[in-house]
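Below is one structure, written out as structure tokens; the observations come after it.
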Amino acid sequence: MARLASRTLLLSFFMAAFCASLPAQTEKTITIRMLDSKSGKLIATSDYLVRINHEKTVHGDWVQKNEEGVGVMKVPPEATEILVRATYDSSMSIYDNCDAVKDLGTADHAASLDHWYALSEILAKGVVAPNGCIGKKVPDRLQVFAKPGEFVFFVRHKTPFEQLHE
């Protein structure tokens, strides 16, 4: 009986040691830089609109602005893809992301052009979204690189004509 109790105690000790050695699931964080498509300057905002995994739900409170004006987001464990947009200074107007082909004039068409980005790639290598708002020759000031865990995308303000048709 004592032998069985000591074996059970020893087995419990080894199981506890094994479980303690398993890595705790670390919280993944990405940084988000939103840049003006013409100047390449950081647009420091906290008005990000985030969607994950092609879901319709928009999360406006997932990204917090740090002291440098860069967005920081804790990635939900179930997230595999991300779409990021932003509004102008707490308004209802949304910047145009420059990674999509030019809008042909309808909101439905614009929504179908949204680009989703793999979080695994953002975390491993970093991602710079294409800047389709400029011509083919990219000026030096718009040559941007991303570090692992960083997502960079370009935006532009809507034209008065585009705002009128919203």
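Structural remarks
- Residue in the range 57-68 that is in a helix (DSSP H, G or I) and at pLDDT below 90 present: no
- Yes/no for Val50 being at pLDDT 85 or above, over 17 Å from Pro130 (Cα atoms) and part of a strand (DSSP E or B): yes
- No other residue among Lys125, Lys136, Lys102 is at pLDDT 95 or above, of a type in the set (D, E, K, R) and more than 11 Å from the chain's Cα centre (by Cα) apart from Lys125.
- Evaluation of Lys38 against (1) at pLDDT 90 or above; (2) surrounded by 15 or more Cβ atoms within 10 Å (Cβ to Cβ) (one fails), failing number: (1)
- Close pairs from the range 85-96: first closer than 15 Å to Thr159 by Cα, partner surrounded by 10 or more Cβ atoms within 10 Å (Cβ to Cβ) and among the small types (Gly, Ala, Ser), Cβ under 9 Å, at least 6 apart: Thr87/Gly60; Thr87/Ser93; Ile94/Ala86; Tyr95/Ala86; Asp96/Ser37; Asp96/Ala110
The values are calculated or read from the model by the stated rules, or taken from the named source; none is laboratory data. None of these values were measured; they are calculated from a predicted model. Positions of Cβ are generated from backbone atoms using ideal geometry, with glycine treated the same way; all protein chains shown enter the neighbour counts.
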